[in-house]
Amino acid sequence: MLTRPFQTALKHISLATGAVVVAAAPAFAHLDPEAHGSFMAGISHPIFGLDHVLAMLAVGLWAAQIGGKAIWSVPAAFVGTMALGFVLAVSGLDLPFVEPAILASVIALGLLVATAAKLPTAASAAIVGVFALFHGHAHGGELGSAGALQFGLGFVIATALLHAAGIALGLGIARFAPAVTRILGAATAVLGLTLAFG
C-alpha cells in the first residue's frame, strides 16, 4: 500500500501531467485575436505551446529547488527578459536560432531540475533570462493581427501563472518526495529532446 506522502506526490504529478496534456492538445492551438481578443490570444500563446509550458514549469520547479529569494527572483528574471525579447521582435529586430534556443531551454532547464543544480541566485536568473529572451521573441514573432500591448500582457500573465504552478508543484513535492521533482526534470529534458528530434 502506498504511503500518504507518496499518494500526495502522485496526485501532484497527475495534475501536472494533465495540465501538460491539455496544453499540448492540438485541437486548441492558439486563440484567434480577431475572434477572442488580443489579450486572450496572448494568454493562450504560452499555455497551448508544449515547449513553452515545459520550460516555464521547469523554471518554477527549479526556483523551488533553489529556494530562498530565488523563488521569486528567478521567475521574475524570466518574465522580465521575455518581455524584452517580445519588444525586440515587435520592433523588427531579429534573433538567430529562436526555435532551437527554445527547444534547448526545455532540455537544459529539465536537466537543471533533474540534477537539482544549486547555483547562485544571480547565475540562475541569468540562465533563465537568456532562454526567456528567445521565448519572448517567439511570442512577438507570432503576434499576427493582435494588439501588441494586450497580447503582451496576456502572455506575461500566463507565463507568471505557469511559473507559479511550477513553484507550487515543486514546493508541494519537496515536502513529501523531493526525488519526484528530479524525475519531473528528467522527463522534461526527455520531452524536450523528443520535440527537438521528433
Test set (1) under 24 Å from Ser44 (Cβ atoms); (2) of a type outside the set (A, V, I, L, M); (3) surrounded by fewer than 17 Cβ atoms within 10 Å (Cβ to Cβ) - Pro178 fails condition number: (1)
Restricting attention to segment 31-60, report how many residues are buried (at least 24 other Cβ atoms within 10 Å of the Cβ) and more than 30 Å from Thr181 (Cα to Cα). 1
Restricting attention to segment 127-154, which residues are in a helix (DSSP H, G or I) and of a type outside the set (A, V, I, L, M, F, W, C)? Gly129, His135, Gly136, His137, His139, Gly140, Gly141, Gln150, Gly152, Gly154
Can you work out which of the residues in segment 35-84 that are among the aromatic types (Phe, Trp, Tyr), out of contact with any Leu (no Cβ under 7 Å at 6 or more places or on another chain) and in contact (Cβ under 8 Å) with a residue 12 or more places away in the chain is farthest from Gly110 (Cα to Cα)? Phe48
Sole miss for Glu142 among (1) surrounded by fewer than 22 Cβ atoms within 10 Å (Cβ to Cβ); (2) modelled with pLDDT of 95 or more is condition (2)
Quick test for you: out of Ala117, Ala122, pick the one residue that is assigned to a loop (DSSP other than H, G, I, E, B), modelled with pLDDT of 95 or more and closer than 13 Å to Ala63 by Cα. Ala117
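The values are calculated or read from the model by the stated rules, or taken from the named source; none is laboratory data. Just so it is clear, the structure is predicted and the values come from calculations on it, not from any experiment. As a convention, Cβ positions derive from the backbone with ideal geometry for all residues, glycine included, and neighbour counts pool all protein chains shown.
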